[in-house]
Structure formats: C-alpha cells, structure tokens
C-alpha cells in the first residue's frame, strides 16, 4: 500500500511573499511529492498486483506546490481530464490568491469593495460565514491585517522580541471581525476601513473539492488530489484506501500516524511550525482573531471530513480553539473528526473515529 506523508510545513499557508499572505496552516501550508519539509513517498502495495502506471499533474496553487495522482487505463482520456483540471486550478488561483495583484481577493482587499464578484468567491465566503458562526469566531478570514502587522514588525531592523506593542495590536484588532464583511448578491464590501481577507485557511480545500468533482465528471475512477489538502476520488486501483502519513510538525521525518483515506474522504492539517515570524519561533501564522496572538492550543491539528473545504476550514478553526471549544465545534460536524498534538506532545482525537490505520 502506498503511503503519502502529509504535512503543511510548506503549504501556501507559508508563502514566498509573507507580507502579502495571510493565515496559512502550516497549510500550510502546501503539500508536494518532494519538498523541503513535506514529502510524499509512494510505496508499492504489499501482496497486491501492481496498478497501471499513474499519471501525475504538478503545478502551483496559491503560491504553493500542488499535485494530482490519477489512474486510468486510457491515457489520452486521463490526460484530457488533467488538462481540464489544470485550467480550473489556474482559474481559481486568479480568484483566491494573495500572491498576485490581479486576483479577485487582492482587488477586494485594495478597494474594500468588489462588485460582480466571481461566483466561487461568493460561494466560499458563504461557507466562511457558516464556519465562523459554528466555531464561535475561531475561524475568521479577516485576520489578514494581523499577519501584515507581525510580518512588518519582525522584518524591521529594530524589532523587539516580544512582538508588536499592545497598543498597536489593539488598533489592528479593531479591524478584525467577519461582521465587517457584507455580502449582497454578487458584491462584497467591507464596512470598516483597513479590513482585509485571507482565504488561505480554506481556499485550498475549496479548490481541492472542485478538482475532485471535475475529475469525477470526466469519468476518472481513481485519483488522489493534493492541492494543499488531500481528497480521495474512489479507492486506490488495488481496491484499498489511500494511506496518508501525518508528519510531526517540527520533525517532518517522524510520523504522528497513518490515515486510511477512503473514497470520498478528505484530510487537512494545520501546524504553527509551518510559518514563524521570529527566529525564536514564538510567533507564528496561526493567529487567534479574538486575541491577535499566535495560538498556543495545539502543535498540530489534522481533520478528516467528507469535503476538503470543511476539513481545511475546521483545521484552521480548531488550531486556535481550546480543548473544550474544539470538542464543541466537532460536535456540530458529526461526519468530521480530528487528531491533535498538544503542547506536551500527546496525541488526542475529537469527533467520531478519526481513521488512523
């Protein structure tokens, strides 16, 4: 059975241009077949016939590596499906990316308003509103100004080790809150100056779901989509589940566990170690929208759910949630479950039956 190591230490949630990227999860936050902190090692199945050779597409989404592994006996048909997928990924990158000035999200953040917003942006913001309410505010994509604050503070030559001052943090926190986002039909607007959005805590999951649906529409029976989050389309060609190993957040060659990702399931991981603002790694990208500080609740959060959008958003929310709140959030999503690593290095699970092998 092939095993894939899942870690968001290089995910688009750790961008090449940190001053312009928001919360990422360690994604964030991108997963690749081979990367400095995140690798996928495909091993032959034990005791099973070898499948037909895989077709792979590799590209980028939201500034991070992305990959799809596909099995189909008709190579031309599979190649056409992957070409359609590549076009869809490129189209959605122009909607959600903070790495490009021409994206819909970048234009919204600059102007504070976007009329005739893309349908994908409107749809995802509706999901954000649902998750924001269900998580009691733990999930909040308006934390982008906090990211900018920490990035600017620690980039300064005279940066203090204790981070931004309480006064500066308080001023930025006044701009954070999903209630400042107004949606009406196809328009999105901010009701307060200085508000900005990052969708890095959920957009990779959304694009992953769109890619999986596109491959299904093209009649592809076996695929593993890795666009920052993992999603399984069908079983492996040998009939078994896809096996994804969750890497330790600080020691990526160690595994926290192996997940059996069955057909229709998705997996997302968030870890504060993914992007640190300071050399001491006290301040990282998982910012609590209620305090403005980097969360110290967990060292790693992995969520398995039917959709990658939900897994992505929940892993972001749970990453800043205290234990009691994490249990309450998962109780609202009975089809989702979580594996967390606490600050003492202990594994815990929430929800019903996290699918460890």
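The values are calculated or read from the model by the stated rules, or taken from the named source; none is laboratory data. Computed from a prediction, not measured in an experiment: that's the story for all the values here. Note that each Cβ is placed from the backbone with ideal geometry, even for glycine, and that neighbours are counted across all protein chains shown.
Side notes on the structure shown:
- Test result for residue 106, more than 23 Å from residue 196 (Cβ to Cβ) and assigned to a helix (DSSP H, G or I): no
- Single condition residue 186 does not satisfy, out of (1) on the phi < 0 side of the Ramachandran plot; (2) surrounded by 17 or more Cβ atoms within 10 Å (Cβ to Cβ): (2)
- Within the range 197-220, the set of residues being in a loop (DSSP other than H, G, I, E, B) and crowded, with 24+ Cβ neighbours inside 10 Å comprises 197, 198, 199, 200, 201, 202.
- From the options 171, 159, residue that is more than 20 Å from residue 192 (Cβ to Cβ) and not assigned by TED's automatic domain parsing to the domain that holds residue 325: 159
- Pairs linking a residue in the range 45-59 that is within 13 Å of residue 239 (Cβ to Cβ) to a residue that is modelled with pLDDT under 55 and surrounded by 13 or more Cβ atoms within 10 Å (Cβ to Cβ), with Cβ atoms under 6 Å and 6 or more positions apart or on different chains, are 45/1.
- Residue count, the range 164-190 (criterion: at pLDDT 90 or above and assigned to a loop (DSSP other than H, G, I, E, B)): 7
- Annotation note: of 241, 323, the sole residue that is surrounded by fewer than 24 Cβ atoms within 10 Å (Cβ to Cβ) and under 24 Å from residue 146 (Cβ atoms) is 323.
- Only a single criterion out of (1) modelled with pLDDT of 90 or more; (2) in contact with a helix residue (DSSP H, G or I) (Cβ under 8 Å, 6 or more places away or on another chain) is not satisfied by residue 283, namely (1).
- Residue that is touching a helix residue (DSSP H, G or I) at 6+ places or on another chain (Cβ under 6 Å), under 30 Å from residue 224 (Cα atoms) and either modelled with pLDDT under 90 or not assigned by TED's automatic domain parsing to the domain that holds residue 135 (or both), where the choices are 319, 308: 308
- Test: residue 223 is in contact with a strand residue (DSSP E or B) (Cβ under 6 Å, 6 or more places away or on another chain), closer than 21 Å to residue 317 by Cα, assigned to a strand (DSSP E or B) and modelled with pLDDT of 95 or more: no
- Every residue from the range 226-254 that is assigned to a loop (DSSP other than H, G, I, E, B) and in contact with a helix residue (DSSP H, G or I) (Cβ under 7 Å, 6 or more places away or on another chain): 227, 228, 229, 249, 250
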